[in-house]
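Q: Would you mind keeping the following structure in view while I ask a few things?
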Amino acid sequence: MDDEKIRRQKAIDDWLPITSSRNAKWWYSAFHNVTAMVGAGVLSLPYAMAHLGWGPGVAVLILSWIITLYTLWQMVEMHEMVPGKRFDRYHELGQHAFGEKLGLYIVVPQQLIVEVSVNIVYMVTGGKSLKKFHDVVCKDCKDIKLTYFIMIFASVHFVLSHLPNFNSISGVSLCAAVMSLSYSTIAWSASVDKGVQSDVDYSYKATTNTGVVLDFFTALGDVAFAYAGHNVVLEIQATIPSTPEKPSKGPMWRGVIVAYIVVALCYFPVALIGYWIFGNQVEDNILISLEKPAWLIGMANLFVVVHVIGSYQIYAMPVFDMIETVLVKKLNFRPTFMLRFITRNLYVALTMFIGMTFPFFGGLLGFFGGFAFAPTTYFKTDQELLKDVNLDKQKDIDDWLPITSSRNAKWWYAAFHNVTAMVGAGVLSLPFAMSQLGWGPGVVIMILSWVITLFTLWQMVQMHEMVPGRRFDRYHELGQYAFGEKLGLWIVVPQQLICEVGVDIVYMVTGGKSLQKVYLSVCEHKKCTHINLTEFIMIFASCHFFLAHLPNFNSISGVSLAAAVMSLSYSTIAWGASVHRGVQPDVTYNSRASNTKDGVFNFLSALGDVAFAYAGHNVVLEIQATIPSTPEKPSKGPMWNGVLIAYLVVALCYFPVAFIGYYVFGDKIDDNILITLEKPKWLIITANMFVVVHVIGSYQLYAMPVFDMIETVLVKKLKFRPTWYLRFISRNVYVGFTMFIGMTFPFFGGLLGFFGGFAFSPTTYFLPCIMWLAIYKPKKFSPSWLINWICITLGVLLMILSPIGGMATIVKQAKDYKFYS
């Protein structure tokens, strides 16, 4: 039986693209690497230089070349570092470094983002270059849409994608490598021929600080995209023969050195000469700036087409390998020609379709791809950093840490802690969210969110001590139990930190803005000194430099109670004053947007606002950890009592404010209902002061788990002694950090609506459901199984859609922003 398994495994490996042919020469690796590395993105490097400037630009280009050559050398060395074994795929090396499951989760998503996205970008680039060639050669011909040129470009890949492996595309790859060197040479030599322009200017093109900073970051993304070849390095090395006497790393490294010399000959002259000649007037594709001679520009565009044909195939091959591995090894399909024919054609069609639908995909890639290009290319994660904190060490350390130092809380502590965590100042924007959603969807989403999040909160309360004799005091501990020690940390901690640190920054801004509103209302008809929002944020932060030193949850119970009372108070003022004002005579409930696109963005942004309103799950287990528990009287009883009271208060705050506010003011409502109300002035001032008191308590509640994480790492991992001055320094640094970010980006709520969509939705709407399914394993299609999958589906949709609206908010708010105004 074992022999049969081995024979079948060998037959499959001989069929799969990466391992089917191992007779490549060192020069194959040279031109494969050139084709993978030197993309059409080289033509945008002068434009990136214009955003970076001479000093940073030269430094970033050279540093990137050195760092990526070093990390590429590491990968070549690690390919066969275990005697008798070759890591033929990037994820296999990841699995060896981080463990079977965690390695897959770390590497595969990032590698797929890079490879599939590059293929989509090359679909668009190929189509655009064909169109440019057509427009240059035939200026008076009928205009043909970009869509058709992308389809023409894709037609080649419906044929080439059936070449079985890397060695079979070596001819295509060689042509592509030659073309990349050719059009790069055309670009810089034609620039030299044109000469330095008379009006050349090397200053930043952007007119505002915000514009300069955002352009600088975009340019960093362009440079990162230019060095994306590491994603296929191990797969290329797998095609080279290897023996103990002559390992593959020798010829592979020789090929890499040649490839990197070619990269330098392409990148540096194009980037530096292009910027030197045209300055900040250079276009995002230098061939557009050159314009003439037409025959040369036409030829360069054709070279680009040939090159991206080869590059597409290089990046597609590892994707084909992943797809075919899953189909044959996991789903037990037979490795046949027909299976390969269908899957590869479907993949080409998918990339073509996305390219035609989103021809601006390169811009999206510059944003999302940064999360994948930089890790897979620029840094090797040290395995030591992934080792989980050992939570079973000395009892005296646990007695010192914030979450586990005090376990004598009452059920009503849980009630007002949960109210303070859940009901944020965001409740005042719910009528605005309703105006973006409309009556039907708005009511459904508000009620559904309340029901789903109450259900997922109940799950977390139940799971807190489901293992006899053990309590999951922190969200990540439950994650580690459900998903494994390492994977649980990676899934939960980043999302929890985004939520908690993000909320604290938002509350810094909210507290400062509310203080500013009080000041402006009091000084409306007086000659008061103008005070910037920055200074009000600093005033608000000052109290946290004291409160942050309260050691644990129980010690902030008084602050939390005051905050909970304030949240109910200002919510009541908001809807009570709205009822007093009465339905406005010109009230309408139409869409706020003037066109369909804005209507969609507004709708998605409102989903993010609602998700942010239900963010309290991130501190639930930490709150429950403060309640005493015995086998006879487990903590879930009093905790659930507190949660039910809290959710009744949430309903009394959210629903009246959202529905009455929208009913009274319709689509004329402001993004903060207190602004719309205006009068009576004394009541609005009171409400804003209530908001200040509330966000003081909320800040501390969300900061406490962060303090616990920081102090756990410092004491258990870095071996610092648990002293008062360690706590004094670390907590003050954290408060100072959130204050600084809040002052620098007072539109951070928009950023949070974007990034937070990835974290609030999972931690609140569906991560508890996934944990429940992983731990309890309910029977398929049972009521429990169905309810959990419905919540997961709705939560995932919310996670995908809400960041899109947040992105639109960022663009609008950051457009005219000046730092520290």
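Q: When the Cα centres of segment 464-519 and segment 220-293 are compared, how far apart do they sit, in Å?
A: 41
Q: Where the accessible area of the chain is counted over protein heavy atoms with a 1.4 Å probe, how much of it, in %, is carbon and sulfur?
A: So the carbon and sulfur contribution to the accessible surface is 69 percent.
Q: Would you give the gap between the C-alpha center of segment 707-748 and the C-alpha center of segment 130-180, rounded to a whole Å?
A: Distance between centres, Cα-based: 53 Å.
Q: Something else: Tell me the accessible surface of Cys138 in square angstrom (1.4 angstrom probe, heavy atoms of protein chains only), to the nearest ten.
A: Accessible surface of Cys138 is approximately 40 Å².
Q: From the square roots a ≥ b ≥ c of the eigenvalues of the alpha-carbon gyration tensor of segment 171-230, which class results: rounded (a/c under 1.5), prolate (a/b over b/c), or oblate?
A: Cα axes put segment 171-230 in the oblate bin.
Q: Next question, about the same structure. Please work out how much accessible surface Glu678 shows to a 1.4 Å probe, ignoring ligands, DNA and RNA, in Å² rounded to 10.
A: Using a 1.4 Å probe on the heavy atoms, I get roughly 120 Å².
Q: How much length is gained if the chain between Glu4 and Ile800 is pulled fully straight, taking 0.36 nm per residue apart and subtracting their Cα-Cα distance, in nm to one decimal?
A: That works out to 282.1 nm of additional length.
Q: In addition: Can you order the peptides 295-308, 591-604, 332-345 by their average number of other Cβ atoms within 10 Å per residue, highest first?
A: Going from most to least packed, we get 295-308, 591-604, 332-345.
Q: Taking the convex hull of the Cα atoms, report for segment 21-378 its projected area averaged over all directions, in nm².
A: It is 18.6 nm².
Q: Just the accessible area per residue of the chain, please: how many Å² with a 1.4 Å probe?
A: 43
Q: May I ask you to rank Lys85, Lys101 by accessible area, largest first, using a 1.4 Å probe over the protein chains only?
A: Lys101, Lys85
Q: Please identify the trypsin sites (Lys or Arg not before Pro) of segment 497-548 that satisfy two criteria: DSSP loop assignment and at most 14 other Cβ atoms within 10 Å. Which are they?
A: Lys526, Lys527
Q: Just reorder Asp321, Asp13, Asp284, Asp193 by solvent-accessible area, largest first, 1.4 Å probe, all chains present.
A: Most to least solvent-accessible, the answer reads Asp193, Asp284, Asp13, Asp321.
Q: Among all helices in the chain defined by DSSP H, which have a length of 24 Å or more along the axis from Cα atoms plus a Kyte-Doolittle mean of at least 1.0?
A: Helices meeting the criterion: 54-78, 209-226, 249-278, 294-325, 337-357, 439-463, 636-665, 681-712, 783-814.
Q: Computed from these coordinates, which is P(r) over Cα pairs in 20 Å bins from 0, in percent: (1) 13, 35, 35, 15, 1; (2) 14, 41, 35, 10, 0; (3) 14, 42, 30, 12, 2, 0?
A: (2)
Q: Heads up, I need the accessible area for Phe659: 1.4 angstrom probe, whole protein in place, Å², nearest 10.
A: 50
Q: Pairs to check: Lys410/Lys636; Lys329/Lys486; Lys486/Lys716; Lys410/Lys716; Lys410/Lys777; Lys517/Lys681. Give those whose C-alpha atoms are more than 21 Å from each other in this structure.
A: Table pairs above 21 Å Cα-Cα are Lys329/Lys486; Lys410/Lys716; Lys410/Lys777.
Q: Report the FRET efficiency, 1/(1 + (r/R0)^6), for Phe781 and Lys330, where r is their Cβ-Cβ distance and R0 is 22 Å, rounded to 0.05.
A: 0.45
Q: Can you give the calculated 222 nm mean residue ellipticity of the chain, where each DSSP H run of n ≥ 4 adds -39,500 (n - 2.57) and the sum is split over every residue, rounded to the nearest 500 deg cm²/dmol?
A: About -23500 deg cm²/dmol.
The values are calculated or read from the model by the stated rules, or taken from the named source; none is laboratory data. The structure displayed is predicted, hence computed values, not measured ones. Neighbour counts are summed over all protein chains in view; Cβ atoms, including those assigned to glycine, are modelled from backbone coordinates with ideal geometry. Ligands, DNA and RNA are stripped out before the accessible areas are found, and what is left, the full protein with its side chains, is counted by its heavy atoms. Shrake-Rupley method; radii C 1.70, N 1.55, O 1.52, S 1.80 Å.
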